[in-house]
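The values are calculated or read from the model by the stated rules, or taken from the named source; none is laboratory data. Predicted, not measured: the structure shown is a model, and the values here were computed from it. Methodologically, a virtual Cβ is constructed for each residue, glycine included, from the backbone with ideal geometry; neighbour enumeration extends over all protein chains shown. Surface areas here come from the heavy atoms of the whole protein model, side chains and all, with no ligands, DNA or RNA. Shrake-Rupley method; radii C 1.70, N 1.55, O 1.52, S 1.80 Å.
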Amino acid sequence: SDPCDSQPCQNGGTCVPEGLDRYHCLCLLGYGGDIHCAAKLSLECSVDLLFLMDSSAGVTLEGFLRFKAFLKRFLQAMVGQDSPVSVGVAQYDDSVKVPIELGQHKDTLSLMRSIDALNFSGGRTLTGRALQYIAQHGFRSSPVFPDVQDDLPRVVVLLTDSKSQDSVAEAAKYAKDQNIFLIGIGSSFMRAELTMVTGNPQQTIVYSDPQDLFNRMPELQRKICSVGNPEGCQAQSLDLAFAVDASSGVGLENFLRLRHFVRSSCLHFIINRDVTQIALVTYGSKAHTVFALDTHTSSSAVLQAIEQVPFLGDSASAGSALLHVHSDVMTVQKGARPGVNKVVVLLSNGGGMQGAAAPAQQLRHNGILVFVVVVGDADRDTLLRVAGSPNYLVHISSYEDLQYYQGLIIERICE
């Protein structure tokens, strides 16, 4: 008999007979860990995970079936018996259906059966409306233990392959305001729209051809598990200084937005003497140390101190701010630790950059990374000279969009 008759290869692996009683499996990418192609992925994180599948005419029946296959394969690999993930599946065209409610299935087999039973619907592609609906109704599952608040991170993975026929921007913003983390998957021509949905290129996954979709599983797993991960740099030590433009060019309202951004960024770090120390400098024409690296030894103290930071409102000199960080903040006397990674994040509206390149260079020369975040119009060449590399420059069009880049900025700082 053919040794492949018993279909020993899992997860779409191909069985190749070797003689009468032996065989080997050719595994799909991401399943190479086991001779039977059994999954070596697992979701080592607890999340509420909802898949939102495009079932519109634009994605075609073939595309819909491909997403179904992807979903089955991914979840078989991910959701072991002991996996803490609660999964739901929704599909949409003109309207949204949630055939598999979040956490409805306790075992993989019944989850697979329900995915098999999903039917293609073929209407219009109203992605915006679907996101809005899911943000409002998708996570209303009853908690497993009524008296325990289910405060797991909420993740929506959007699988789409047709351009939306309604606007996605408002709905995406609404979802983020509900603390829902969006990941988008689609083929390359969808990249711009998916990034508009996720607000962050790091949360967008594109594939080049149908088979390539299946190679993206490990990447999707990493993105799902990096959600709501509070250990900024996975608990590696860091001396971090924020230099915030508080000049009249920024204006009071936008200064408060910058301040809020610093505050919410600090939530992602473990703040103490051993892990992350944070300093804050504000600047107009002169720079002021609001607090030094060794002033506050807990998150709550740092967050409280940020709330008190006053607006300055004169002209801006980013150069004097960087000089100040170099000579007065990143020093052993002020709590900087020898041998620990050091980063300065400069938040600015792009004004007052003349003369900032030399002190930035000096900081880099001393092993301190300079990360430049600029909101609004500014001359890219000047900014690049200050940042030293496009990897350390984030140029954002509006203060409202700043929040969407937080994950990306923290990721780059931590590299």
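Is the shape of region 238-414 best called rounded, prolate or oblate, per the rule: a/c under 1.5 gives rounded, else a/b larger than b/c gives prolate, else oblate, with a ≥ b ≥ c the square roots of the Cα gyration tensor eigenvalues?
Values: a/c = 1.37, a/b = 1.19, b/c = 1.15.
Because its axes are fairly even, with a/c under 1.5, region 238-414 counts as rounded.
Using a 7 Å offset from the Cα along the Cα-to-Cβ direction at both R337 and D314, what is the distance between the two label points in nm, to one decimal?
Using points 7 Å along Cα→Cβ, the separation is 3.6 nm.
Using only the alpha-carbon atoms, how far is helix 60-78 inclined from the longest principal axis of the chain? Give it as 0 to 90 degrees, nearest 10.
Taking the Cα atoms of the chain, the angle to 60-78 is about 80 degrees.
As a test of reading the structure, rank D377, D21 by solvent-accessible area (1.4 Å probe, protein chains only), most first.
Working: D377 150, D21 125 Å².
Correct descending sequence by accessible area is D377, D21.
With a ≥ b ≥ c taken as the square roots of the eigenvalues of the C-alpha gyration tensor of region 47-226, please select rounded if a/c is under 1.5 and otherwise prolate if a/b is larger than b/c or oblate if it is not?
On the way: a/c = 1.39, a/b = 1.21, b/c = 1.15.
Cα axes put region 47-226 in the rounded bin.
Quick one: if you stick a label point 7 Å off each Cα along the C-beta vector at Y174 and Q304, how many nm between them?
Once both label points are built, they end up 3.9 nm from each other.
Ordered by residue, what ³J(HN,Hα) values in Hz, to whole numbers, does region 263-277 give under the Karplus form 6.51 cos²θ - 1.76 cosθ + 1.60, where θ = phi - 60° and Gly and Pro are x?
4, 6, 5, 5, 4, 8, 10, 8, 9, 6, 4, 8, 9, 10, 10
At each listed q (0.21, 0.24, 0.26 Å⁻¹), what is the log10 of I(q)/I(0) that the Debye formula gives for region 280-321 modelled as equal alpha-carbon point scatterers?
Here log10 of I(q) over I(0) equals -0.69, -0.81, -0.88.
Rounded to two decimals, what is Rg over Rh for the chain when you use alpha-carbon atoms and the Kirkwood radius? Could the numbers behind the result be given before it?
Details: Rg = 24.7 Å, Rh = 23.7 Å.
In the chain, Rg relative to Rh is 1.05.
Give me, ordered by chain and number, the residues 5 or more places off Y207 or on other chains with an amide H under 5 Å from its own placed amide H.
Those lying under 5 Å, H to H, from Y207 are G186, S187, S188.
Rounded to the nearest 500, what is the chain's calculated 222 nm mean residue ellipticity when only DSSP H runs of at least 4 contribute -39500 (n - 2.57) each, over all residues? Please list the in-between numbers first.
On the way: 13 runs with 127 residues, N = 415.
Roughly -9000 deg cm²/dmol at 222 nm, from the helical runs in the chain.
Please compute the net charge surrounding A69, taking Lys and Arg as +1 and Asp and Glu as -1 over other residues with Cβ under 14 Å from its Cβ. Working shown, then result.
Details: positive: R66, K68, K72, R73, R216; negative: E62, D116, D161, D212.
Surrounding charge for A69 is +1.
Using 0.36 nm per residue, how much length does the chain from S208 to L384 gain when fully extended, once their Cα-Cα distance is taken away? Before the final figure, lay out each step's value.
Details: separation 176, 0.36 × 176 = 63.36 nm, distance 3.12 nm.
Contour length minus Cα-Cα distance gives 60.2 nm.
Quote the relative contact order of the chain in percent (integer), defining contacts as alpha-carbon pairs under 8 Å separated by 6+ residues.
Numbers: 839 pairs, mean separation 44.6, N = 415.
Contact order relative to length: 11 percent.
Please state the shape class of region 86-146: rounded when a/c is under 1.5, otherwise prolate if a/b exceeds b/c and oblate if not, all from the C-alpha gyration tensor. Walk me through the intermediate numbers first.
Working: a/c = 3.90, a/b = 1.32, b/c = 2.95.
Here region 86-146 falls in the oblate category.
Could you pull out every one of the lysines with an alpha carbon less than 26 Å from that of K106, ignoring same-chain neighbours closer than 8 positions?
Here the lysines satisfying the reach criterion relative to K106 are K40, K68, K72, K97, K223.
Calculate the FRET efficiency for Q361 and Q406 from the Cβ-Cβ distance with a Förster distance of 35 Å, rounded to the nearest 0.05.
Details: r = 27 Å, r/R0 = 0.77.
Step by step, r from the Cβ atoms, then E = 0.85.
What order do V374, V16 take when sorted by accessible area (1.4 Å probe), most exposed first? If you can, show how the numbers build up before the last one.
On the way: V374 0, V16 40 Å².
Solvent-accessible surface, decreasing: V16, V374.
Say R0 is 56 Å: what FRET efficiency, to the nearest 0.05, do Q236 and A117 get from their beta-carbon distance?
Details: r = 46 Å, r/R0 = 0.82.
So, using R0 = 56 Å, E works out to roughly 0.75.
Give, in whole angstrom and from largest to smallest, the semi-axes √(5λ) of the equivalent ellipsoid of region 174-283, with λ running over the eigenvalues of the Cα gyration tensor.
Details: eigenvalues 217, 81, 26 Å².
Ellipsoid semi-axes (Å, largest first): 33, 20, 11.
Divide the volume of the convex hull of the Cα atoms of region 221-330 by its number of residues and quote the answer in cubic angstrom per residue. Intermediate results must be reported in sequence, preceding the final value.
Working: hull volume 11.7 nm³, N = 110.
It comes to 106 Å³ per residue, whole-number rounded.
Per-residue accessible area for Y23 at 1.4 Å probe radius, Å² rounded to 10?
70 Å²
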